[in-house]
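Following: one structure in structure tokens, then a few remarks.
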Amino acid sequence: MKKKTLVLVGLVLLLGSALAVNARPGGGRRGPPAAAQAEAQPQLPAAVSSAISAAFPGAKVSEFEEDTDDGVAVYFVNLSTGAEVEVTSSGMIIVADYTIDMKQVPAAAAQAIQKAGAGATIESVQREEIYGEIDGGKAVKLEKPATEYLASFKKGGQTGEISVLADGTVVGPLEWGTGN
């Protein structure tokens, strides 16, 4: 009987020890702390972070995506301010987009947008500040930044978009396509 009791006590202690070890973070395995085991978040290159910090003080990066445009590495970065920014890997800001209200569009641009989309519903409006462009595999800074206003329309089963300058000059005529 003593032998059975000792074996039973030994099994209980062994089982209790195993449960205690598995209750520890990491399932009892030795190794890096749980924080170090968390999936590493990709980081923006220093030049991109510096450019964003300088142009948008206090803004936080909410997400970003890397891509290439004509062979140039670019980052599409969403900021806590609502801006969506395209930045080259060397830190040149190409474009900054802001979703805005029609009330924020200059009168001449608003008139051109409304005239072009007569009978259509305006789905969204963006102010696009253009600082540079990708041309021939190189990022080229514009002499003077430009601002365009882009409006997206919906009419029937189609969507369309137009781009105008503040003075109402149409730089991207309204083009219709099938809706999503």
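Details
- Residue list for the range 76-89, filter: closer than 15 Å to TYR131 by Cβ, open to solvent by 20 Å² or more (accessible area, probe 1.4 Å) and either modelled with pLDDT under 95 or among the aromatic types (Phe, Trp, Tyr) (or both): PHE76
- Selection within the range 96-134 - in contact with a Lys or Arg (Cβ under 7 Å, 6 or more places away or on another chain), open to solvent by less than 60 Å² (accessible area, probe 1.4 Å) and either not in a strand (DSSP E or B) or not aliphatic (A, V, I, L, M) (or both): TYR98, ALA120, GLY132
- Checklist (1) in contact with a strand residue (DSSP E or B) (Cβ under 7 Å, 6 or more places away or on another chain); (2) more than 22 Å from LEU142 (Cα to Cα) applied to ALA96, failing item: (2)
- Any chance GLU66 is of a type outside the set (Phe, Trp, Tyr), open to solvent by 50 Å² or more (accessible area, probe 1.4 Å) and on the phi < 0 side of the Ramachandran plot: yes
The values are calculated or read from the model by the stated rules, or taken from the named source; none is laboratory data. Every value quoted in this text rests on a predicted model; they were computed, and no experiment measured them. Note that each Cβ is placed from the backbone with ideal geometry, even for glycine, and that neighbours are counted across all protein chains shown. We work out accessible area using only protein heavy atoms, side chains counted, and drop any ligands, DNA or RNA first. Shrake-Rupley method; radii C 1.70, N 1.55, O 1.52, S 1.80 Å.
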